[in-house]
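Working notes, beginning with the structure itself.
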Amino acid sequence: MKMIVLIVKDHDSEAVTQALTAAEYRVTRVASTGGFLRSGVATLLLGVEDQRLEGAIELIRQKVGRAEAGEKRATLFVVPVERYEQV
């Protein structure tokens with residue numbers, strides 16, 4: 001299992017969240033700020049089974065869209081999860 005930590009601009013976050021939940025990925029959204037002038041961003045956390053990882057990343061790329069030259073639309077980290085438990 002992997003944890004995707006996705007930092008995306010506020011205006012892209014709703015489309016990304018809706019697409020991921022429609023594809024049956026579970027998403028937790030954390031409000032955050034950062035970047036140039038402390039602009040609004042959202043941090044999305046996704047626990048993803050290894051076999052669904054590339055599908056989630058591709059879906060994120062589609063929904064964030066192409067960036068203009070030099071522009072960053074999102075930052076994505078993939079972290080291995082040793083243990084997962086819901087209580």
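The values are calculated or read from the model by the stated rules, or taken from the named source; none is laboratory data. Just so it is clear, the structure is predicted and the values come from calculations on it, not from any experiment. For neighbour counting, all protein chains shown are included, and Cβ atoms are generated from backbone atoms with ideal geometry for every residue, glycine included.
Results, tabulated for the structure shown:
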read-out	value
Test for residue 41: is it touching a Gly at 6+ places or on another chain (Cβ under 7 Å), surrounded by 10 or more Cβ atoms within 10 Å (Cβ to Cβ) and not charged (D, E, K, R)	yes
Filtered residues of the range 52-87 (kept if under 12 Å from the mean Cα position of the chain (by Cα) and aromatic (Phe, Trp, Tyr))	77
Search result, residues across the range 24-36 that are at pLDDT below 90 and either among the polar types (S, T, N, Q) or not in a strand (DSSP E or B) (or both)	32, 33, 35, 36
Residues being at pLDDT 95 or above and either surrounded by fewer than 18 Cβ atoms within 10 Å (Cβ to Cβ) or at positive phi (or both) - total across the range 3-23	7
